[in-house]
Amino acid sequence: MNADDFAELSNLSLSMPDGESSAQHRTKFRIMAEGVSVRLTWPERADKGLDSFDVNDISAGGLYMKAPEGMFAAGQSIILDVLVLGRCCVGAIKAHVVRSSKNGCAVAFEELSRNQELRLDKIVLEMQKRGIAQSKKNELEADARRAREMAASAEYGSSDTSCLKIKL
């Protein structure tokens with residue numbers, strides 16, 4: 001490469017597709033969240049009620065939770081606890097609803113303490129490790145099944161029908 005090659009690069013322009021901004025792109029890694037739920041406290045309710053919602057995915061920056069349509073509105077501030085297998089792992093997280101749909105809502109965390117951020121990172125990391133371990137296990141099982149099938153087909157030739165003991 002020479003200096004002229006680099007000069008051509010300076011003419012390049014990078015821009016987001018129409019209708020999208022860089023703020024709309026996720027900044028944290030999200031993971032599917034099996035066994036994770038959130039608990040919201042409603043201070044404005046007379047019974048100070050608690051509601052729990054299952055979580056579809058989570059990151060250190062936010063989550064998507066399943067909720068009935070119309071229950072949450074974009075911009076709504078909430079305080080939630082993150083539960084893993086029914087046990088509170090991160091409490092009193094300040095958040096706001098980014099968008100709401102018929103299946104649930106996307107929530108962005110705000111003003112996380114260092115401890116809350118570390119705990120959320122730990123949850124996401126442990127779920128990643130669990131997912132990787134499960135993928136490896138599934139891959140090993142599939143490899144073993146293919147090896148058994150290949151061994152069985154090698155043992156019985158394609159013209160050998162003695163393995164098809166069908167009773168009529």
Quiz item: How much accessible surface area, in Å² rounded to 10, belongs to the heavy atoms of L80 with a 1.4 Å probe?
Solution: 0 Å²
Practice problem: Starting from the Cα gyration tensor of region 85-154, take the square roots of the eigenvalues, sort them a ≥ b ≥ c, and report rounded, prolate or oblate (rounded when a/c is under 1.5, otherwise prolate if a/b is larger than b/c, else oblate). | Solution: prolate
Quiz item: Taking θ as phi - 60°, what are the ³J(HN,Hα) couplings along region 102-108 by the Karplus curve (6.51, -1.76, 1.60), each to the nearest whole Hz, with x for Gly and Pro?
Solution: 5, 9, x, 8, 8, 10, 10
Quiz item: Which entries in K66/K94; K102/K137; K66/K122; K66/K129 show an alpha-carbon gap greater than 30 Å?
Solution: K102/K137
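The values are calculated or read from the model by the stated rules, or taken from the named source; none is laboratory data. Keep in mind that what you see is a predicted model, and the values were worked out from it rather than measured. Heads up: the accessible areas ignore ligands, DNA and RNA and are worked out on the full protein's heavy atoms, side chains in. Shrake-Rupley method; radii C 1.70, N 1.55, O 1.52, S 1.80 Å.
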